[in-house]
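Written below as structure tokens is the structure these notes are about.
The values are calculated or read from the model by the stated rules, or taken from the named source; none is laboratory data. What you see is a predicted model; the values in this text were computed from it and never measured. Cβ coordinates were reconstructed from backbone atoms using ideal geometry, including for glycine residues, and neighbour counts include every protein chain displayed. Calculation scope for accessible area: heavy atoms of the full protein, side chains included, ligands and nucleic acids excluded. Shrake-Rupley method; radii C 1.70, N 1.55, O 1.52, S 1.80 Å.
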Amino acid sequence: MGQSSQLRKIGILLLWGSIFVAVGLVSWGLATQLIPRPAVGLIKVSYEIWSTGTDLDFGSVELFQAEIESARRDPRIKAVVVQFDSPGGEVVASQTLYLELQALRKEMPVIGAIGSVAGSGAYYAAMGTDPLYARPSSSVGNVGVWGYVPPDLAVNDVILASGPFKLTGSNRDEFLREIEGIKQEFLATVTSQRGARLRISAEELSQGLVYPGREALRLGLIDYIGTLSDAIAAAAQQAGTQHYTVVDLEARVLDTYFQGESAFVNTWIGAADPATGKRTLPPGIYLLYDMRLRGTP
Amino acid sequence: MKTLIRLLLLLSLVAAIFAGRWFWFYGNGPAYQPPQIAEIQADKVGGAPTLDHRAFADEPVAGNGHVLIDLAHHNNLTRNDLSPLQSRLEARGVTVEFFNGDVTLSYALYQATALIVLAPSVPFTSGEQKAIAAFVKDGGRLFLAADPTRPVPPEYTAEDDVESAAFFPTSAVPAMNSVANLFDVTYFDDYLYNLDENVGNYRNVAFTPAAGQTPLTQDVETVVFFAAHSMRSAGTALFKGDPAVASTVRTGETDLPPAILAADARVLALGDITCLTAPYHTVADNDRFLSHIADWLAQDTRVRNALEDFPYLFGPQVDLVQISGDRVDPRLITKGGTLQTYFEETGRSLTLRTDVVPDHDALLVGLFSDVETVKALLAQNGITLTTVVAEDTLPAVQPKAEQTSNGATAPEQYLEIPALGALSVKGITLFIVDCNAERCNISIVAETAESVASAVERLANHNFVGCAQAGATTLCAAEGAPEAQPKATEPAPAKRILVISVEAGEGGVRTSAADFVNMLDDIYAVTRWTIPDDGQPTRTDLEGYAVYIIDSGDYAGSLSDSPAFQAIDRISSGNVLLVGAQPLPIDTAEFEYAPINDLVVANTTHPLLEGLTAGELITLLPSESSVPAMIISGNDVESAILLTRGPNSPSTGSPALVAAVDETSDINRIVVAAFPFYRLPESVQRTLALNIAAWLMADGD
């Protein structure tokens, strides 16, 4: 009797033990699903910023939008770090990226990390991130806009148009005003987003100078000297997370887009040749720091 | 009870698992709170002002003068750019003429009262600089304007890539400074901008008159320049910007005038051209300033009291008066008729008279033989005319009177001219200019009536070659009729030489380009082209010259890189001198080099060797680079060998200076000097340079 009672107790103990283990395992599984390991999404702005209209080519604002949307949809991603290594690009594409990042900031922390350069349109887009990191010698700034002056077409009887600027959209003076308006928008964006941190006047900023990271920090154009890792850590901190993973959103989006096929992605037609620095820009207005003009014979 | 406890433990386990996981991943502070994103201040955007175009009624006051506008220096402008200024000048009764380099600038300036130089991209030659300096010294007005947006036009640079040419234009500032520097004005290769207060764009800068009113800034409150160079000068700054105006080059400087009045208000230098062109001349008070510039240019302040100023030193009515003899010489009537036509072409009338009319401008002609009449005329100008007979005692410096063939002693006349001394009137024509506030006279006195007629022709042709000048007096040789020269209104193309130096002459070694310019500039219109500074000359750059001197310099260099090859390939007509120690683009079997220390003059009567003696040994000056010179292979040269390597040089006897003629080629005559020209002794260098230039020029005559 005594032996059978002991066996019963052992059986009950094993039963409860099994129940505890099973519940524990099930709970762990459920917790893994319900409380996923957090991640910091990484968006790389490593090319001239431009717009294709539909395609997800390198540097296209459509690719960046897809990456931002991917971050939004992924419950694990609690913060995004945007790594800038870009001289800027088209005006509207740069402004789109800025606005998309601002919208994302309403949902999760968006931190900026400048690698070698965030010039012109890339710095404009970086105003959608906060805080902003850069290396001591990163190239930062180049606030301003430029473009090729449209020709002043004379009226003639070969081409008939409904208005004087129908063909060119502008003339020299109007174009200059347009340029000035974009510059003011850019300056207003920087002054509003950097706020009291900015220790440089809008007039000085409009010179279009490129500042080294250390100087940019002194002028309040960035917040910290640090690396991408520092930016990722800060992003996780702002999101209140730890023990996170990092998700390369560009790779993920391209993998999804090409569904496992070998990715062959175009670069912009106006992109600089990495070997020669030469480029042929299509007509337009640019928030572009044309680095080949710096020190190029 | 136990079961309940176990169930509670079970729930605790579940809770612990969830809580633990949550704290593991999300226990790092509070959850993210979206920040308040600052909106931009929309009122600060889109406020770029429009340009303030103003109506202005020009009220021209009749002026006078003859304004010459330079278009001979690859000026980066169109005739349309000049329209507003040109129409203002014409409204003031000023004659506007364009200088395109068909004649030398000094010739073109005879008539001018003002010269306008806008956006030149080729530096002025030393001859042109001298002409402009003399012009301004004589009271001529000079208006200079450069513009940062008007660099050397791409078609005049060697840059083939249009986009590169747009981004990296060749500055035209050195070209402008080649003139401006003569008058203590320096243009900076910069542009002015204002990021604080500007007119729609940082480089559209408003300026206000600097302290003190000048006629050029009267009633002008604000002018707007559309990218302007800054300048430095001891002259008067006409405009100043506000303290926020900055230069792209002169960091930290605040004295940045964009307009200067220099050289006793005879030189106006402006840093912007756009403000003179339509429609930008109507912005702010630019139009008023433009009218003031036209007023300033329409004042003839040129002092004309020299023989070279003929006929422009005269007023509209001039008398031709024979002051000696009872009857007017018929030859003078003929020449006078020619002169009349010439005078009419310059807006003057010439009347043949027998008597001087007081207060009339006059051309007085006479013979030394009419002693009494002429003596008085000469005495008025401090010149003594002495008639000598055999027994007269003369100063030791004066020659004795000659004896005639029949043994009689002919009276001889001598002139005593201040600064020139005493000299016989034989073969002499004397010109005396006598101008005062009321009238101007030119007196011509010669030995014979033929000489007087020739002198009138010489005057009409502006031919004063071989004449000596002392103050108001000019002495010319009367022997033979002077060569017919083109009249000012019918100019012949000037003999132009382009000296191309393959290297810039820096770093302790040199070219001979400057030597050529100095030696030839007095006779020919010489332009210098330095390839490292000016770029590889294009076909257009090489048009219009009679002779090309391509100096490869005294440098160590590789054959394949020699830009001389490219330059000579682009020459479509004209003759060439190739010179230097560098590789020369000539057809020789193989390129060998050896030091060269001396030369021997070949035994030939070639015109290039005029002034040198056959067999003469010429020891060369030391080379500054010690670079060996090219050896011309004698077997391959079908041409006249003029100089050979001397006994102290390797390959003695090899040609060192050769001249070839090929009537079938674009380049008919070519001279090759396989040594640096600067190493020749100075006298030989000059003799050879003049001989070579004359021989190469002669082909075109």
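Taking the highest mean first, how do the peptides A:278-286, B:623-631 order by number of other beta carbon atoms within 10 angstrom per residue?
Working: A:278-286: 14.8, B:623-631: 18.7.
The densest-packed peptide leads the list: B:623-631, A:278-286.
With springs only between Cα atoms under 10 Å, which of A:30, A:101, A:221 fluctuates most in a Gaussian network model of chain A?
Its mean-square fluctuation being the largest, the pick is A:30.
Looking at chain A as a GNM with Cα springs under 10 Å, which of A:47, A:224, A:148 has the largest mean-square fluctuation?
In this elastic network of chain A, the residue with the biggest mean-square fluctuation among A:47, A:224, A:148 is A:148.
To the nearest 10 degrees, how steeply does helix A:61-73 sit against the main Cα axis of chain A, on a 0 to 90 scale?
Roughly 20 degrees between the two axes.
At R0 = 35 Å, how high is the FRET efficiency between residue A:172 and residue B:184 if r is their beta carbon distance? Nearest 0.05 is fine. Write out the running numbers ahead of the final one.
Details: r = 36 Å, r/R0 = 1.02.
Working from the Cβ atoms, E equals 0.45.
How shielded is A:185-198 by partner chains, expressed as the average number of their Cβ atoms within 10 Å of its Cβ atoms? Intermediate results must be reported in sequence, preceding the final value.
On the way: counts 5, 2, 3, 8, 3, 1, 4, 6, 4, 1, 1, 0, 0, 0.
Mean partner shielding for this stretch: 3.
Out of residues 5 or more away from residue B:115 or on other chains, whose amide H comes under 5 Å of its own, with H placed 1.01 Å from N in the peptide plane?
B:68, B:141, B:142, B:143
Between residue B:56 and residue B:370, what length in nm is gained on full extension when 0.36 nm per residue of separation is reduced by their alpha carbon distance?
Net length gain for the segment: 106.7 nm.
Inside 10 Å of the C-beta atoms of A:236-243, what's the mean count of C-beta atoms belonging to other chains? Could you put the intermediate results ahead of the total?
Working: counts 3, 3, 7, 5, 9, 8, 7, 6.
If you average over the peptide's residues, the count of other-chain Cβ atoms is 6.
Measure off 7 Å from each Cα along the Cα-to-Cβ vector at residue B:102 and residue A:156, then give the distance between these two points in nanometres to one decimal.
Computed distance between label sites residue B:102 and residue A:156 equals 3.1 nm.
Add +1 for every Lys or Arg and -1 for every Asp or Glu among the other residues with Cβ under 12 Å from the Cβ of residue B:200, and state the total. Display every interim value, and only then the final one.
On the way: positive: A:172, A:177, A:183, B:203; negative: A:173, A:174, A:178, A:180, B:52, B:197.
Spelling it out: positives minus negatives among the neighbours equals -2.
Taking beta carbons within 10 Å but only from partner chains, what does the mean come to for residues B:198-205?
Going residue by residue through B:198-205 and averaging, the value is 3.
Rounded to the nearest 20 Debye, what is the dipole magnitude of chain A about its Cα centre when Lys and Arg each give +1 and Asp and Glu each give -1 at the C-beta? Please list the in-between numbers first.
Values: 25 positive and 30 negative charges, 301 e Å.
Dipole magnitude for chain A comes out near 1440 debye.
Output the 0 to 90 degree angle, nearest 10, between the alpha-carbon long axis of helix A:172-194 and the longest principal axis computed from the alpha carbons of chain A.
For helix A:172-194, the angle is close to 30 degrees.
Sorted by packing (mean other beta-carbon atoms within 10 Å per residue), highest first, where do B:110-122, B:517-529, A:187-199 land? Spell out each step's value before the answer.
Values: B:110-122: 24.2, B:517-529: 20.5, A:187-199: 17.0.
Going from most to least packed, we get B:110-122, B:517-529, A:187-199.
Cα centroid distance between segment A:153-197 and segment B:290-319, in Å?
50 Å
For chain A, what relative contact order do you get, as a whole percent, if you take Cα pairs closer than 8 Å and at least 6 residues apart?
24 percent
How much area per residue is accessible in segment B:181-317 when the probe is 1.4 Å and only protein heavy atoms are counted (Å²)? Display every interim value, and only then the final one.
Values: 5040 Å² over 137 residues.
Per residue, segment B:181-317 has 37 Å² of solvent-accessible surface.
Find the cysteines in the protein assembly as shown that fail to meet the 4.7 Å Cβ criterion with every other cysteine, and list them.
B:275
Rounded to whole Hz and in sequence order, give me ³J(HN,Hα) for segment B:124-129 from the Karplus expression 6.51 cos²θ - 1.76 cosθ + 1.60, θ = phi - 60°, writing x for Gly and Pro.
Per residue, the Karplus-derived 3J(HN,Hα) values read 6, 6, 5, x, 5, 4 Hz.
What are the ³J(HN,Hα) couplings of segment B:622-629, residue after residue, when phi is run through the Karplus curve with 6.51, -1.76, 1.60 and θ = phi - 60°? Round to Hz, x for glycine and proline.
Values per residue, Gly and Pro as x: x, 6, 7, 10, 6, 7, x, 9 Hz.
Going by Cα centres, segment B:121-136 and segment B:13-46 are how many Å apart?
75 Å
Determine the distance separating the Cα centre of segment A:97-136 from the Cα centre of segment B:346-368; give it in Å without decimals.
88 Å
Assigning unit charges at the beta carbon (Lys, Arg +1; Asp, Glu -1) and nothing else, what dipole magnitude in debye, to the nearest 20, does the protein assembly as shown show about its Cα centre? Numbers along the way, then the final one.
On the way: 66 positive and 117 negative charges, 1249 e Å.
So the magnitude is around 6000 debye.
Using +1 at the C-beta of Lys and Arg and -1 at the C-beta of Asp and Glu, which of B:87, B:674, A:92 has the Cα lying farthest in the positive direction of the dipole of the protein assembly as shown?
The listed residue farthest towards the positive side: A:92.
Based on Cβ point charges of +1 for Lys and Arg and -1 for Asp and Glu, what charge dipole magnitude is obtained for segment B:1-63 about its Cα centre, in debye rounded to the nearest 20? Don't skip to the end; give the middle numbers.
Numbers: 5 positive and 5 negative charges, 258 e Å.
Using Cβ point charges on Lys, Arg, Asp and Glu, segment B:1-63 gives about 1240 debye.
Suppose only helical runs count, i.e. DSSP H with n ≥ 4. What mean residue ellipticity at 222 nm does that imply for the protein assembly as shown under -39500 (n - 2.57) per run, divided by all residues and rounded to the nearest 500 deg cm²/dmol? Could you put the intermediate results ahead of the total?
Numbers: 23 runs with 275 residues, N = 998.
Calculated mean residue ellipticity at 222 nm is -8500 deg cm²/dmol.
Of A:206, A:156, A:249, which is farthest along the charge dipole of segment A:141-289 in the positive direction, counting Lys and Arg as +1 and Asp and Glu as -1 at C-beta?
After comparing all options, I get A:206.
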